[in-house]
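The next block holds one structure in the form of structure tokens; read it before the comments.
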Amino acid sequence: MPEEVRSRIFPRQVEDALSAFAQPVFVSDEDLGSGAFSSALQDVTAVLTGWLSPKLSHLLAPEGNIEFVSHAAGSVKLLDVEKALIDGHIRVSHSAPEIALAVAEFTLAQILAHLRLHTRQDAGLRGTMGWAEMRKGYLGQLLAAQTVGLVGLGYVGRLVLDRLRPFGCKVAVYDPFISTEEAERLGVTLMDLDTLFASCPVVSLHAANLPATEGMITRSHLQAMVDGSLLVNTARAGLLETGALVEELQEGRIFAAIDTFEVEPLPDDDPLRQMPNVYLSPHCAGHTRESYVRQGLSAVEEVRRFFAGEPLNQEIRREKAAALA
């Protein structure tokens with residue numbers, strides 16, 4: 001992985017944890033950039049990767065020596081390991097659960113900030129609005145009184161659900177892979193997308209961005225949201241029909257907290273930058289100082305387990321490879 005990435009998720013304590021049982025080989029940025037890193041990994045059995053890592057298909061078993069990929073990030077799609085994984089030539093693990101915790105906390109923060117009018121309260125006190133006028137005019141809402149809709153109940157969705165429970169709000173879920181029995185056990189109400197968007201004043205997206213989910217949130221779903229509703233997207237922009245969210249936000253009826261965009265970095269002239277009903281963040285929901293270290297330690301522990309012949313904690317199974325996000 002590039003040095004800039006490695007410096008974040010491989011501080012001294014993570015490097016020491018790796019060196020305790022293995023002989024690490026660090027590939028230089030120069031070799032990564034030129035593509036001349038194959039020789040450095042010629043005798044390497046396992047690799048640790050991160051975001052911005054190169055494609056590895058030409059180094060994987062059986063043609064190459066690499067038998068295990070421990071990804072210190074979330075999606076492994078860009079590594080081009082899917083075929084080797086499906087064919088059973090390699091094993092793959094990832095650190096998505098560590099990232100999911102940060103995304104879940106970020107999601108909750110965005111919901112609470114919206115309901116309690118955080119940005120408007122702050123701007124009002126810094127502006128000319130009177131104290132009494134603010135207290136009367138900027139009256140927030142209780143999370144406990146809301147029904148929150150979660151689209152997708154994977155790693156992040158379940159952690160968001162766990163963090164919503166102490167507030168006492170109702171939770172509705174759209175996830176075709178959740179049975180009625182499991183929904184009852186989790187204490188959530190299953191809804192189809194149409195009903196969820198029409199019923200929930202807060203909707204948070206946590207579905208994987210796959211061909212089957214591309215554009216699944218349409219204009220009609222957004223138009224069905226009641227005035228003042230909040231849509232949180234810390235998943236992927238591709239879940240929404242192209243242009244639908246911008247058009248609906250321009251009406252000024254609903255709010256959105258957006259962490260992922262169709263074009264990243266977000267262009268300076270993007271209309272979202274000018275909208276007062278949008279909370280923007282630079283695809284950082286899963287990034288915290290502690291999460292970086294946890295990702296590194298998790299990835300290193302998976303390598304240790306692989307060499308020791310122990311069960312992996314975060315292995316991506318062959319049968320799940322075709323649905324990699």
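Values for this structure:
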read-out: Count of the range 116-151 residues which are within 30 Å of F177 (Cα to Cα), out of contact with any Leu (no Cβ under 7 Å at 6 or more places or on another chain) and of a type outside the set (S, T, N, Q); value: 2
read-out: Residues that are open to solvent by less than 40 Å² (accessible area, probe 1.4 Å) and acidic (D, E), drawn from the range 218-265; value: E248, D259
read-out: Any hit, the range 161-178, residues being in contact with a Phe, Trp or Tyr (Cβ under 7 Å, 6 or more places away or on another chain), part of a helix (DSSP H, G or I), touching a residue at least 12 places away in the same chain (Cβ under 8 Å) and crowded, with 19+ Cβ neighbours inside 10 Å; value: no
read-out: Failed condition for F261, given (1) in contact with a helix residue (DSSP H, G or I) (Cβ under 6 Å, 6 or more places away or on another chain); (2) modelled with pLDDT under 95; value: (2)
read-out: Every pair of residues 6+ apart whose Cβ atoms lie under 9 Å, when the first sits in the range 285-296 and is closer than 14 Å to V156 by Cβ while the second is in a helix (DSSP H, G or I) and of a type in the set (S, T, N, Q); value: A285/T107; A285/Q110
read-out: Residue match in the range 204-221 (condition: farther than 16 Å from A104 by Cβ, out of contact with any helix residue (DSSP H, G or I) (no Cβ under 8 Å at 6 or more places or on another chain), outside any helix (DSSP H, G or I) and modelled with pLDDT of 95 or more); value: no
read-out: Helices (runs of 4 or more DSSP H) within the range 88-156 that include 2 or more residues surrounded by 16 or more Cβ atoms within 10 Å (Cβ to Cβ); value: 96-115, 118-126
read-out: Breaking point among (1) at pLDDT below 95; (2) surrounded by fewer than 14 Cβ atoms within 10 Å (Cβ to Cβ); (3) of a type in the set (S, T, N, Q), for S19; value: (1)
read-out: In the range 29-46, the residues that are closer than 28 Å to P97 by Cα and in contact with a helix residue (DSSP H, G or I) (Cβ under 7 Å, 6 or more places away or on another chain); value: D29, L41, A46
read-out: Pairs where the first residue, in the range 23-45, is open to solvent by 70 Å² or more (accessible area, probe 1.4 Å) and the second is acidic (D, E) and modelled with pLDDT of 90 or more, C-beta under 9 Å, 6+ apart; value: F26/E3; D29/E3; D29/E4; S39/D31
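The values are calculated or read from the model by the stated rules, or taken from the named source; none is laboratory data. It should be emphasised that the depicted structure is a prediction, and the values quoted were computed from it without experimental measurement. Every residue, glycine among them, receives a Cβ derived from its backbone with ideal geometry; neighbour counts consider all protein chains shown. Note: areas computed on protein heavy atoms with side chains; ligands, DNA, RNA excluded. Shrake-Rupley method; radii C 1.70, N 1.55, O 1.52, S 1.80 Å.
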